[in-house]
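The structure appears below as structure tokens.
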Amino acid sequence: MPNSLHYRTCNLCEAMCGLEIEHAGDEIIAIRGDQHDAFSRGHICPKAVALQDLHEDPDRLRMPVRRTADGWVEISWDEALTETATRLAGVQREYGRNAVAIYAGNPTVHNHGAMFTLLPFLQALGTRNRYSATSVDQLPQMLACFKLFGHQLLFPVPDIDRTDYFLVIGANPMASNGSLMTAPDMRGRLKDLRRRGGRLVVIDPRKTETADVADEHVFVRPGTDAVLLLGMLNVLFENDKIDLGHLAAIVDNVDAIAALAKEWPAERASSICGIAAKDIQRIALEFAAAPSASAYCRVGTSTAQHSSVAAWLVYVLNIVTGNLDREGGLMFPLPAADMVAFTAQGGHKGGFDRYRSRVRNLPEFGGEFPVTTLADEMLTPGEGQVRAMVTHAGNPVLSSPGGARLEGALEQLDFMVSIDLYINETTRHANIILPPTGHLEHAQFDPVFHGVAVRNSIKFSPALFEPSQGARHDWDIMIELIRRLSEEKGVPAWRARLTEKVMRGFGDRGITDVLLRFGPYGQVSGLMRTALKKLSWVPGLTRRVENLVAPSSVKQHGNHNLSLKKVLRAPHGIDLGPLQPALPDRLFTQGQRINLMPDVYLEPIKKIAQSTALGADEFLLIGRRHLRSNNSWMHNSYRLVKGKNRCDVMLHPDDASRLNVENGDMLSVSGEGGEIQLPASISDKMMAGVVSIPHGWGHDRKGVKLSVARRYAGQSINDVIGAATVESLTGMAVLNGVPVKIRKA
């Protein structure tokens, strides 16, 4: 008989959507939902469709494989795990612990089992050569959160359900459904904003899907968001519109921001960012005058030349207008599994520039180096050269700049292992691939993206299908590797096996249960609150208890008394209420204060006036995100790639005329990383002088075992973008506002 399970599968796209999947045995009969009405009028999340196709995909690996001269050969788990641990440990014995590198892709953070075991796995590897998708995505925002609020994961999010003015800069939530802002049904939320008289303003070099439904869209020159924000701050200071509200007593260095902004009148900012001075002035004053307002930026802003400065200034704009930690402004979620508080208690609040990379002297952030230098570390001889590689759920050949060079670096490694479901553009270079269970075969719980939700909630979805015989979860694979690596490195067998037994005893559910019980809505926290009420006369007791759990957990958040067992009894999840003011308790800074002018920004802010002079045949390149292809793995779902070609070069009609180009003509696009050819798509939704290519394509490489994706291969934007040009402070990838040459092919 068919069964039906309401399944929150959209953890992967940062939007926790209700979804109903009907199945009989291992066969999916139907998939329904009502949150993503932007997809095919069918109200189905495209990633959910991709997950269904992934579950049934014949290209997907189900047992470990080894690469041989005659092709890929299936091997046993014991053989694969033993060889992996032996060879990784052998490389480190011969060349040093940093001779092994690890890269974690975006799906890692959406897989709670993998997340909970990643840190002990990193400790077992013992290498400083750690990389992840962070440095091609949100690193500037994480740095700003670390410097302003004291924790790299303490993100304030737009209180979109109550805001009166939503300013979106370099973001497209209609396609992403919110990014670093977990917001199901973004289309409905934006409709509600306008229905209640609110205003949506989008600033972007492309008229995006979000701009299409906005009250106003303004073109901005890519890579100049920091200049625009300084111009807006100048207007606010000049017109005496600074009002810190209830944060006035804990915010420092407002005068330093005023002095900085004084150098950037709207006219000067306009000459660089391309927005008329009168519009900069008007938008700034509208933002300050609104009853409540939220300024929000994402990938378009956070992957440009001066993205660290821009990400910091977006927060500054919210703070000086009194829109941080208030209803309708930017607010701090308080999730049931409070990863911010728990990691802080373990001493993992973040860090920046504590040490530097071997070859290019780039700073670490949060224990990782920017992926822009990964190929350098492999190709440059000398002590510490990377000779072995581990990847988890990542495809950096397509997602990182300089993809072709990175491929060459992977080819010359002594050993590579990938924990992945596919033989893709990156994993095809591995010696061994360890395939984990698919997303519908393990439970779904998202501790990170509940932490950026626009409304506090909790949901745990059990696995929809039993794993196939012999299959292993990500966390199971990593626990096994931790034990074997430890033994290879001389840890007594009894200790390694005891560690393994304890970790398996907890498993992904046990760790989740601990997080929930000790979280701000949990059973243990509830007992602590009760005890504190009875023992409030004991001096200092409240503060000592606060140090054991989340700083805000001793406050009353409702009588939820959460545990995993209680959450599982609520298959549709539990609503924990709207976001609430949380400062200063939620801050992890010294003295729980906000320093608006961290020293780290003083040097890079001097460089933001630098503007690249373009030649007659040069343009500024930006990326693009399609709802149907948010990530490269979705391209192996025929239902998502069929129809018109979506991998093209979008350009303004005036630019097309200048190049004598018509729709569909092939264009050659060349840059620091190389050259590709794609068809032209002429649209007045592009800013003149700017072109756009979507990310995640380029499946025509030899050896890729993705039968559908290869038929719709496209070309990789990162084969044009090189890794030599990096962001001015962090060394992370510059993916937007990149100068390229274009000619008719």
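For the chain, the membrane-span-like helix rule (DSSP H, alpha carbon extent of at least 24 Å along the helix axis, mean Kyte-Doolittle at least -0.5) picks out 493-518; this says nothing about an actual membrane.
When the Cα positions of Gly408, Ala248, Thr224 are compared along the charge dipole of the chain, Ala248 comes out farthest toward the positive end, with charges on each C-beta of Lys, Arg, Asp and Glu.
Do any trypsin sites (Lys or Arg not before Pro) in segment 181-266 lie in a DSSP loop with no more than 12 other beta carbon atoms within 10 Å, and if so, which? Sparse-neighbourhood loop trypsin sites (Lys or Arg not before Pro): Arg196. Our estimate of slack between Asn239 and Val502, defined as 0.36 nm per intervening residue step minus the Cα-Cα distance, is 88.6 nm. Take the Cα of Glu327, step 7 Å toward its Cβ, do the same at Glu411, and the gap between the two points is 6.2 nm. Straight-line cross-link reach from Lys741 at under 19 Å between alpha-carbon atoms covers these aspartates and glutamates, not counting any fewer than eight positions away in the same chain: Asp617, Glu618, Asp648, Asp654, Asp655, Glu662, Asp665, Glu672, Glu675, Asp719.
Between Ala276 and Arg196, what FRET efficiency comes out of the Förster formula 1/(1 + (r/R0)^6) with R0 = 35 Å and r the beta carbon distance, rounded to 0.05? Let's see the in-between values first.
Numbers: r = 29 Å, r/R0 = 0.83.
About 0.75, to the nearest 0.05.
Please find the FRET efficiency linking Gln469 to Gln592, where r is the Cβ-Cβ separation and R0 is fixed at 56 Å, and quote it to the nearest 0.05. Numbers along the way, then the final one.
Details: r = 53 Å, r/R0 = 0.95.
Efficiency, from the Cβ-Cβ distance: 0.60.
Dipole orientation for the chain: of the candidates Phe116, Met503, Ile605, Met503 has the Cα lying most toward the positive pole (charges on Cβ; Lys, Arg +1; Asp, Glu -1). Listed by chain and number, the lysines placed with their C-alpha closer than 29 angstrom to that of Lys642 are Lys47, Lys207, Lys685, Lys702, Lys705, Lys744; residues fewer than eight positions away on the same chain are left out. The alpha-carbon of Lys147 sits under 27 angstrom from the alpha-carbons of these lysines, leaving out residues fewer than 8 places away in its chain: Lys241, Lys262, Lys349, Lys555, Lys606, Lys607.
Please work out how much length the chain gains when fully extended from Trp494 to Arg354, using 0.36 nm per residue of separation minus the C-alpha to C-alpha distance, in nm with one decimal. Could you put the intermediate results ahead of the total?
Working: separation 140, 0.36 × 140 = 50.40 nm, distance 3.48 nm.
The span from Trp494 to Arg354 would gain 46.9 nm if fully extended.
Report the charge-dipole magnitude of the chain in Debye, nearest 20, computed about the Cα centre from +1 at each Lys and Arg Cβ and -1 at each Asp and Glu Cβ. The calculated dipole for the chain is roughly 1320 debye. Extension gain, Arg658-Arg711: 0.36 nm per intervening residue step, less the Cα-Cα distance, totals 15.8 nm. When each of Ser76, Ser670 is scored by the number of other beta-carbon atoms lying within 10 Å, the sequence from fewest to most is Ser76, Ser670.
Report the charge-dipole magnitude of segment 612-744 in Debye, nearest 20, computed about the Cα centre from +1 at each Lys and Arg Cβ and -1 at each Asp and Glu Cβ.
Working: 17 positive and 13 negative charges, 185 e Å.
The dipole magnitude comes to about 880 debye.
Here the simple spin-label model places points 7 Å from the Cα toward Cβ, and for Arg268 and Arg743 these points are separated by 4.0 nm.
For the pair Ala256 and Glu672, what calculated FRET efficiency results from E = 1/(1 + (r/R0)^6), where r is the Cβ-Cβ distance and R0 = 30 Å, to the nearest 0.05?
0.25
Rounded to whole numbers, the Karplus 3J(HN,Hα) couplings from phi for segment 724-741 are 6, 8, 10, 4, 5, 10, 8, x, 6, 5, 9, 10, 10, x, 8, x, 9, 9 Hz, using 6.51 cos²θ - 1.76 cosθ + 1.60 with θ = phi - 60°, and x at Gly and Pro.
Bear in mind that the values in this text are calculations on the coordinates, not laboratory data. Worth saying up front: this structure is predicted, and the values here are computed from it rather than measured. Note that each Cβ is placed from the backbone with ideal geometry, even for glycine, and that neighbours are counted across all protein chains shown.
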